[in-house]
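Asker: Sharing a structure here in structure tokens format.
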Amino acid sequence: VQLVESGGGLVQAGGSLKLSCAASGRTFSSYAMGWFRQAPGKDREFVAVINWTGRSAYYADSVKGRFTISRNNAKNTVSLQMNSLKPEDTAVYYCAASSGSYSSNIDRYEYWGQGTQVTVSS
């Protein structure tokens, strides 16, 4: 599976961005899809995950109520709608695919995109 993220950019605090991740391969619907992020000098951290059907998702506490993950298995895409952005949301955001589990554990993800930069100014 190859993953390509898009949609990052510079936004003011309180604004919104929508990230997209396009996946190659005909087995996209068999993967749980997650979003992670990495700020400068920090470890990569879990943001959100959605299961194979798209009917179940969960979020890191830091983004709950502000971010929404969704997927379209017909188009092989997963998205992250980010609202009420804060400067602390500034990071490189990565899309990832897991064949084995619907998890927040970074080690469960086999495939990763190259990342897209999100910068939130105060």
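Asker: Ignoring ligands, DNA and RNA, how do Thr116, Thr53 rank by accessible area with a 1.4 Å probe, largest first?
Answerer: Thr53, Thr116
Asker: Ok, one more. Charges at C-beta only: +1 for Lys and Arg, -1 for Asp and Glu. How large is the resulting dipole of the chain about its Cα centre, in Debye rounded to 20?
Answerer: In total the dipole reaches around 340 debye.
Asker: Just subtract the alpha-carbon distance of Arg108 and Lys75 from 0.36 nm times their residue separation and send over the number in nm, one decimal.
Answerer: Going from the current span to full extension adds 9.5 nm.
Asker: Here's another thing I want to ask about it. State in Å² the accessible area per residue of the chain; use a 1.4 Å probe, count heavy atoms of protein chains only, and round to the nearest integer.
Answerer: Heavy-atom SASA per residue in the chain reads 50 Å².
Asker: Report, to the nearest whole %, how much of the accessible area of the chain belongs to carbon and sulfur atoms, 1.4 Å probe, protein only.
Answerer: Its accessible area is 46 percent carbon and sulfur atoms.
Asker: Then there's this: When we measure straight from the Cα of Lys75, which lysines land under 27 angstrom away, once same-chain ones fewer than 8 places off are left out?
Answerer: The reachable lysines, counting only those whose Cα sits under 27 Å from Lys75, are Lys18, Lys64.
Asker: Could you put Glu88, Glu110 in order of accessible surface area, largest first, with the 1.4 Å probe and the full protein assembly present?
Answerer: I get Glu88, Glu110, largest accessible area first.
Asker: Follow-up question, since we're still on this one. Find the relative contact order for the chain and round it to a whole percent, using C-alpha pairs within less than 8 Å whose residues are 6+ positions apart.
Answerer: So the answer I get is 36 percent.
Asker: At a 1.4 Å probe radius, which order do Arg26, Arg44, Arg55 fall into by accessible area, largest first?
Answerer: So, going from the largest accessible area down, we get Arg26, Arg55, Arg44.
Asker: For the range 41-53, just list the computed ³J(HN,Hα) in residue order, Karplus coefficients 6.51, -1.76 and 1.60, θ = phi - 60°, integers in Hz, with x standing in for Gly and Pro.
Answerer: Here the 3J(HN,Hα) series is x, 10, 6, 5, 10, 5, 10, 7, 9, 10, 7, 4, 7 Hz.
The values are calculated or read from the model by the stated rules, or taken from the named source; none is laboratory data. Computed from a predicted model, the values in this text were never measured in an experiment. For neighbour counting, all protein chains shown are included, and Cβ atoms are generated from backbone atoms with ideal geometry for every residue, glycine included. The protein model used for the area step is the full one, side chains on, heavy atoms only, and it has no ligands, DNA or RNA in it. Shrake-Rupley method; radii C 1.70, N 1.55, O 1.52, S 1.80 Å.
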